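Working notes for the structure below.
The values are calculated or read from the model by the stated rules, or taken from the named source; none is laboratory data. Remember, it's a predicted structure, so these values are computed and weren't measured experimentally. Here Cβ is always computed from backbone atoms with ideal geometry, including for glycine, and neighbour counts include all displayed protein chains. Surface areas here come from the heavy atoms of the whole protein model, side chains and all, with no ligands, DNA or RNA. Shrake-Rupley method; radii C 1.70, N 1.55, O 1.52, S 1.80 Å.
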Amino acid sequence: MAGETAPALNQGVGYGIVIGLGALFALGMILVTFILKRYNRELQTSEMFNTAGRTVKSGLVGSAVVSSWTWAATLLQSSGVCYRYGVSGPLWYASGATVQILLFATLAIELKRRAPNAHTYLEVIRARFGTLPHMVFMIFGLMTNILVSLMLIVGGSATINALTGMHTIAAIYLLPVGVVAYTLVGGLKATILTDWIHTFVLLIIIIVFSLTAYASSDVLGSPSAVYDLLVKAAAAHPVEGNHEGSYLTMRSREGAIFFVINIVGNFGTVFLDNGYYNKAIAASPVHALPGYILGGLCWFAIPWLTATTMGLSGLALENHPSFPTYPNRMSDADVSAGLVLPYAAVALLGKGGAAATLLIVFMAVTSATSSQLVAVSSIVVYDLYRTYIKPEASGKRLIYMSHVAVCAYALFIASFSVGLWYAGISMGYLYVMMGVIISSAVLPAALALTWSGLNKWAAALSPVLGLCVALVAWLVTAKHECGEMSVECTGSNMPMLAGNVAALLSPVVFIPVLTLIFGKANYDWKSMMAISRGDDHDVAGEAGVDLEEVLGGREESEREMEEEQKKLRRASKISKSMTAVLTLALLILWPMPLYGTGYIFSKPFFTGWVVVGIIWIFCSFIGVGLFPVYEGRETLIRTCKYIWWDITGKKGVKAIHAEQAAHAGEVVVTEGMTPGDQTPTEEKSLKEKGEKVASS
């Protein structure tokens, strides 16, 4: 077990990173929020807290998607799958979890088009179907967030314990503390900005790992050396179900089963996780599609190259004295707990590798947890509190409830994680089980935004009936396979395969049947357009600013709305064709010929495989690491200029606000100026907009 291996780092390092980095991010986001308020006239309204102003550009959307989808499991579980099944594992993991993000791009566009003022996808469900389906989907949505959050905290705390000896329960309760702090201060915008920081650091460390293993390591140092050690490993312990027992083939029976489980489970955790809808809602309309496509393609390289590097390094180095479990192989419990990556990092880079692993796991856990906190708080505030408890709630009250929900959910998840730790439930078990629990709601959720014929009863009943079928299939298969209902048996591949497939596909039967029984609907999509934004006039009044100014100055005209809808309709057509082609390529055209032929990689082919992965990760770094900076360069330069003016006393805040308004083409009335000082055109603009007084 993990506890039998001496940790590479001491407990002080663990507490330092968990508490120290958490505090650093919290203080950093407090500073960023202050800067945005002082120099960019941003006010933390309930809308800003939950939607980031709906103006985020594609680069930041892409980095937010990458960060939210890079769980601890992305790094740890993918490396474990590679350790078990060889080179097929990373591709099965990456392709089986990328297509959902690409396909979700279509839903993101439909959400922006059908419900431009929505805060959650559950609001859309209620606007279309009413209370019963809304309650059903709220339960499935919250179950999704709970399962994802548990995986993050359970996997992250196990890794921290293995690397530093820090007590698992201490790690469980301390990991969310810093996340809660910066989420409370900055809301969704803080989450998106820290997502970019996390993604930037994560990609650099993955690049370091890959170049160390395949270029500079004294122990490995080249694809050729890794290849030779993998051939020896297959001779010593051939993989059952792999072609000729090789680690260097895509034909892996157990790997293919995992591939199906992975695809099914991840449909649920994308299509039902309000966090992904939050990103779509936060995106500027024209940036939603490129943001999700960019994020999906850039994310692919992370599990593929991480696992191809660290999983294969674990196999290659486990007979080397530097490997933590030497002279023994890793146990199944260690692999399931996600310890392949940290052990391989220690073998490759010693304490530096352990520290780097600790850092990327901390980044993965905290950034994705922040997304979960905002996702759950927006459900609690807009789908529960504002819908059923206090419909007339003010903006100030909504912000307060958002803060309460963030704190309460973090405490709940930490306490639940402790229970799972005592019960012996690992991250790997949760990862393959999640599809059984949630995937029956995937098809109804997608159809709610794309098919006008879905009726209320099909939407409400098919997820519940599908869950019942999935649980029966899962547990009956476990009983048949093992003759018992233990954690080990129910977590094995065949029972999980049966449960996952039954969950995702059973609504394919239930929805047509329920449509025949209750009749086909003919929805006109109008009620979704009627979803309203929160009323933040009280928050703006207390801050002494004009709410319309904060939110962009004015409402869109009918002509502008029609123009925006035209762009979204075009984006919808592009997304459907683009995502179909990319999905076909990642699921069929790339892996299946290699699987069907049973080809065992030659040394040149393996070298090319690794080189493509390294090139791809550099492209990902450019796409979601550097591109967001380039895309926001004007705002960054302008904000830095304002800060310099303020610090040096060259211009005060009032003058800075006047400069901002001039940049935006607005008319601003400042001290010493009256409407009569304006040109006739400016006077007309003033009458239409009202006087805008630049004040702090």
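For the residue pairs 189/279; 279/456; 189/576; 351/603, the C-alpha atoms sit more than 20 angstrom apart in 279/456; 189/576; 351/603. Just report the Cα centroid separation between segment 464-536 and segment 317-333, whole Å. If you average the Cα positions of each part, the centres end up 40 Å apart. Computed over segment 311-412, relative contact order equals 18 percent, with contacts defined as Cα pairs under 8 Å that lie 6+ residues apart.
Modelled spin-label separation between residue 580 and residue 177, with each label point placed 7 Å from Cα along the Cα-to-Cβ direction: 5.3 nm.
Accessible surface computed residue by residue for the chain, with neighbouring protein chains in place and a 1.4 Å probe, gives 38 Å² per residue. Partners of residue 641 within straight-line reach, counting lysines whose Cα lies under 17 Å from its Cα and excluding those fewer than 8 residues away in the same chain: 37, 650, 651, 654. Helical runs (DSSP H, four residues minimum) scored at -39500 (n - 2.57) apiece and divided by the length of the chain put the mean residue ellipticity at 222 nm at -24000 deg cm²/dmol. Just the number, please: carbon plus sulfur as a percent of the accessible area of the chain, 1.4 Å probe, no ligands or DNA/RNA counted. Of all accessible area on the chain, carbon and sulfur atoms account for 65 percent. Just check segment 246-356 against the gyration tensor rule for me: Cα atoms, a ≥ b ≥ c as the square roots of the eigenvalues, rounded for a/c under 1.5, and otherwise prolate or oblate depending on whether a/b exceeds b/c. Prolate, since a/c reaches 1.5 and a/b exceeds b/c. Isolated cysteines in the chain, defined as those with no second cysteine Cβ under 4.7 Å, comprise 82, 298, 407, 468, 619, 640.
Mean projected area of the convex hull spanned by the Cα atoms of segment 222-280, taken over all viewing directions: 6.2 nm². Each part reduced to its alpha carbon centroid, segment 334-377 and segment 65-124 end up 18 Å apart.
Given 5 Å bins starting at zero, what is the percent of C-alpha pairs of segment 311-361 in each, up to the one with the largest pair distance? All Cα pairs considered, the percentages come to 5, 24, 33, 26, 11, 1. Once you reduce segment 256-301 and segment 193-223 to the center of their Cα atoms, the two points are 24 Å from each other.
When peptides 518-527, 438-447, 564-573 are ranked by their average number of other Cβ atoms within 10 Å per residue, the highest-first order is 438-447, 564-573, 518-527.
Computed from the C-beta positions of residue 332 and residue 228, the FRET efficiency with R₀ = 22 Å rounds to 0.25.
The C-alpha atoms of the chain define a longest principal axis, and helix 558-584 lies at about 10 degrees to it.
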